[in-house]
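Novice: Have a look at this one before I ask anything.
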């Protein structure tokens, strides 16, 4: 059978980097093919080449046996290639229908388009209101827009880039149902992910990329997640070393009845959040993106204090009235989700970025005067202790790769020896090596008696790392549960907002 | 396949930082000469008389320093704000209000004598500029009004206030009905630092302030705050810096410096307040700030270059009959070129070649999308 | 109040409002594409002087208006190249454009100071404008009608056309628009050029209709008021129309008060009134808009395509 898509010898270079080197593989009609690899293995570049966003320096692409040159996403769509991006290409202030029209090259008139959209929604049993503004929708609903955008053009090949990283377990099941339906209709799917058990459950074949090259192909149904992971990282997996003393100490960090308005323009307000963390404990907060995680983090760190109700206590001391600097000096460190521009200033040096948050705890300034020498030494010690790959403390933060910058940021906070560390998405977009390193560093920190709060959308990470966890949905936090013996189904339902009020996902689904 | 691409710099380049303004000035001279030739003037002579000839004349040198002083003062204040993304373009209005406030003190103390009068006028000028800049600061912090528009609108209002005071309340009763104040007394006039020249006390004050500002911006937490807020506002909040305090500080410093420049001009070269007091220094200072790369030391140099366009523009007017508007055109060209070549500071041109897969891959910059996202 | 005076006042309002309206609509389109061009004042001046110079030399004011659009669009191309291709700071480049326009217009206009030209007068037959009502409907310069038509056209373009949808998308999220395959920079270039042409047309209104003559800094900061109008209007064409006519009223009050020898306020206060009104209006609208969004999300941010 002629392959639907065949890549031969695709090479793509960027200044100083070869993103793809002689990559070849093929996808058969009706096949769900996984593209596996770590962050930075070259998956995204490859996909952008197939979708015409970027151009390969060398190599050829054949589609249904015909050699093609795909110069733009438009040409890709004309061939019958659809794409669902990991970072949605949606326009917040516009309606669902307008967003779908923007994803098409020759959209029919408004009414016709709406009829077509409703038809697709019905065929694949998707719930979505075409007239809603995107910013009012949940992440799952947003992904549905992207999917409808692709499906409405009846694609022969659908590319999905990390589609499940933002979904609840139930939403993932639903997505797989759709993908299998497409497969039955003869559509090929190129499925990019690093979630190995999903690939095992869904895919017919897999190509594994490492360092821009194809290092292997496999039949996922015959592999174990561990064997695929080892192919991906090109070595044996290192297990996290567990905690030495599993004895929890006193209650360290207690949040009670915390409420705060959402961040303008489209934020989620926090509603009556309470939890507490003991010394030596890692507490996880699970949830789908956009359910108040960023708000919670900025209220805990002290970045936001306007209109905040409730109390935040550490070792019995009331912190609610303190600002960011005072909280840090008291021993409360934080790492927000966004690295570039929030946790670090990309256009400043690592030395300056050390001053940014560690100047209080590490006395990198005194009497209003910066102590540049000390700051440089501290940045250097973070670089060394957390094996950050950088030219030195004078490197600009923006020049580091995601994993290295995250290691630097985590190191900057952890080396101030905080009593409590609140961190969001600690390993988002970070390669496996750095992720393991960062997780280990958090475990080592609680070993010394600190408390850690981890906010993450990656449920696997929380299950691996935490002692207890709770789920945040629509700005409300569920009761805390022990991770041991926890029910994934129940967490999934909580993430989807089955208990308590929701964005109306379910309500609308039943109404539609 | 070989090709070129722009790549974000991994470290700041000192060379590019210094080269950029030099390239901009050189390009201005060349393009300016061509442009003026096309407009029917003698382009080469224009460039010669504006930018080169004044340098051979000792008297012009004095004039240069005197004109550079207010430019440097205002630009230093504005640059601190620009660094923090606070776009105070009301330097002109704050300069006028500073001049007016100091003049108010002078008019109230016309019959008195004492060494305290000049410092009182100077303080009045600083407070006048600050108070005027406090309006956009208040509107920005409390109501979220864009400071670009509010500070700029206030420039037009300041000019009308000046006209009103000159035409009415502050008109010199003995001045033959000319719309201007009485001449300031000896105790109200700025002393010369070099006897027998035009160089008044404002010149060393401007230099000292720029040096101080440089120290503050590079060595203090406050300077770090301005730089961080400008580079990444969210990160600044994460670092514990309040956005509203930054806006207040930036505008008050900018207003205070412009107000100081205003009263020093009034008490120095003018010696009284007249309707012709606003000469556009507040706008030119914006160019000075950028040409100096928002660095107070660079601003000192840049203020001399821009002062040269004023001094040279005047002499070109008399010598070759170049319209006075030519000065503004040269100044704008300079800013255009500077903004254009700025890309060399942030990016470098690199050649694409079959690079070996090395460790450098790990320290590439995915944020800007050059490497693999 | 007699009807003749009322109509005269209403016509003055329309006259004062029209250049603000046209320039602000141009800037609205620019900002909707995600670009903040603060050089409106400079482009208006370039338009004003070019229009005047062409009208004087050819004797055809309409040709002047056309030339004004082309000249100002060329000036905006400098801005577009610096900010879009070279990613220069948009605020600074806009200021530079204003300084440039002020200087260049003074330079070009020097030989034209003190001359007058034929104006871009009413287009309808004088017979239609005999009575006050007829005058009110048919007695304006063509630019007044163009302003009104343009309001509708810009509204329709943004709300109902495919191109308008793409333009809004580019202003809302340049990265998403790029990922789908829209040419972000091309869209922005075109928007900036359109904004430039409209600023030029608005500028020519001052030198070809309102005064009609040329003087340095003829537009006296009205370009900045046009930019403020876009903010005031929350980026909606209909509200730009409303705002422009409101400002027309303020400016007319100033003129009428002067003409009537009304001296309760100093003339300087009246001259400062439009600027004070702008600040007041911005303050009121900022309070009213608290929490809401209206500005295009990418406004003022440089875009660099991921390689």
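Novice: For labels at residue A:444 and residue C:137 in the simple 7 Å Cα→Cβ model, what's the distance in nm?
Specialist: Output for this residue pair reads 8.5 nm.
Novice: Also: I need the peptides B:119-132, C:211-224 ranked by packing, meaning the mean over residues of other C-beta atoms within 10 angstrom, with the highest value on top.
Specialist: B:119-132, C:211-224
Novice: Now for a different question. Okay, helix-only estimate at 222 nm for chain B: each DSSP H run of n ≥ 4 adds -39500 (n - 2.57), divide by all residues, round to 500 deg cm²/dmol; what do you get?
Specialist: My calculation for chain B gives -21000 deg cm²/dmol from helical runs alone.
Novice: Taking the Cβ-Cβ separation of residue A:247 and residue A:274 as r and a Förster radius of 30 Å, what is the calculated FRET efficiency to the nearest 0.05?
Specialist: Taking R0 as 30 Å, the efficiency between residue A:247 and residue A:274 is 0.80.
Novice: For the stretch C:73-145 and the stretch A:372-438, write down the distance between their C-alpha centroids in whole Å.
Specialist: 55 Å
Novice: I'd like the orientation of helix B:14-38 relative to chain B: the angle between its Cα long axis and the longest Cα principal axis, in ° from 0 to 90, rounded to 10.
Specialist: 70 degrees
Novice: I'd like the FRET efficiency for residue A:317 and residue B:220, computed as 1/(1 + (r/R0)^6) with the beta carbon distance as r and R0 of 35 Å, rounded to 0.05.
Specialist: Efficiency at R0 = 35 Å is approximately 0.70.
Novice: Test of understanding: ordering A:222, B:348 by Cβ neighbours within 10 Å, fewest first, what list do you get?
Specialist: A:222, B:348
Novice: Based on DSSP H runs of at least 4 residues, each adding -39500 (n - 2.57), what is the mean residue ellipticity at 222 nm of chain A after dividing by all its residues, to the nearest 500 deg cm²/dmol?
Specialist: The per-residue figure over chain A is -10000 deg cm²/dmol.
Novice: Rounded to the nearest Å, what's the spacing between the alpha carbon centres of the stretch A:198-214 and the stretch B:211-259? Just the number, please.
Specialist: The stretch A:198-214 and the stretch B:211-259 have Cα centres spaced 50 Å from each other.
Novice: How many nm is it between the label spots at residue B:56 and residue A:417, if each spot is 7 Å from the Cα in line with the beta carbon?
Specialist: Taking the two extended label points, one gets 7.0 nm.
Novice: Turning to a different aspect of this structure: Give the shape of chain B as rounded, prolate or oblate, defined through the alpha-carbon gyration tensor: a ≥ b ≥ c are the square roots of its eigenvalues, a/c under 1.5 means rounded, and otherwise the shape is prolate if a/b is larger than b/c and oblate if not.
Specialist: oblate
Novice: If I fit a long axis through the Cα atoms of helix A:372-385 and take the longest principal axis of the Cα atoms of chain A, what angle between them do I get, 0 to 90°, rounded to 10?
Specialist: Roughly 60 degrees between the two axes.
Novice: Order by neighbour count: A:421, B:15, fewest other Cβ atoms within 10 Å first, most last.
Specialist: Result, fewest neighbours first: B:15, A:421.
Novice: Based on the alpha-carbon gyration tensor of the stretch B:246-319 and its eigenvalue square roots a ≥ b ≥ c, which shape applies: rounded if a/c is under 1.5, prolate if not and a/b is larger than b/c, or oblate?
Specialist: oblate
Novice: Hey, another quick one. As a footprinting exposure proxy, order B:227, A:412, A:184 by other Cβ within 10 Å, with the fewest listed first.
Specialist: Lowest count first: A:184, B:227, A:412.
Novice: Before rounding to the nearest 500, sum -39500 (n - 2.57) across all DSSP H runs of length at least 4 in chain C and divide by the residue total; then give [θ] at 222 nm in deg cm²/dmol.
Specialist: About -23500 deg cm²/dmol.
Novice: I want the antiparallel fraction of DSSP beta bridges within chain A, as a percent rounded to 5.
Specialist: If we restrict to bridges inside chain A, about 55 percent are antiparallel.
Novice: Now for a different question. For the protein assembly as shown, give the share of DSSP beta bridges that are antiparallel, in percent and rounded to the nearest 5; count only bridges with both residues there.
Specialist: 60 percent
Novice: If you line up the long axis of helix C:40-58 against the longest principal axis of chain C, both from Cα atoms, how many degrees apart are they, to the nearest 10?
Specialist: The two axes meet at around 50 degrees.
Novice: Oh, and also: Which whole number gives the average, over all residues in A:333-341, of C-beta atoms from other chains lying within 10 Å of the residue C-beta?
Specialist: Going residue by residue through A:333-341 and averaging, the value is 3.
Novice: Could you work out, residue by residue across C:105-111, how many beta carbons of other chains sit within 10 Å of that residue's beta carbon, and then give the average as an integer?
Specialist: Partner Cβ neighbours, averaged per residue: 5.
Novice: Residue by residue through C:82-93, how many Cβ atoms from other chains fall within 10 Å of the Cβ on average?
Specialist: Average per residue, whole number: 5.
Novice: Could you tell me which of rounded, prolate or oblate describes the stretch A:5-233, using a ≥ b ≥ c as the square roots of the eigenvalues of the alpha-carbon gyration tensor, with rounded for a/c under 1.5 and, failing that, prolate when a/b is larger than b/c and oblate otherwise?
Specialist: Prolate is the answer for the stretch A:5-233, as a/c is 1.5 or above and a/b outweighs b/c.
Laboratory data are not the source of any read-out in this text; all were calculated from the coordinates shown. Because the structure is a prediction, the values reported are computed rather than measured. Please note: Cβ atoms are built from the backbone with ideal geometry, for glycine as well, and neighbour counts cover all protein chains shown.
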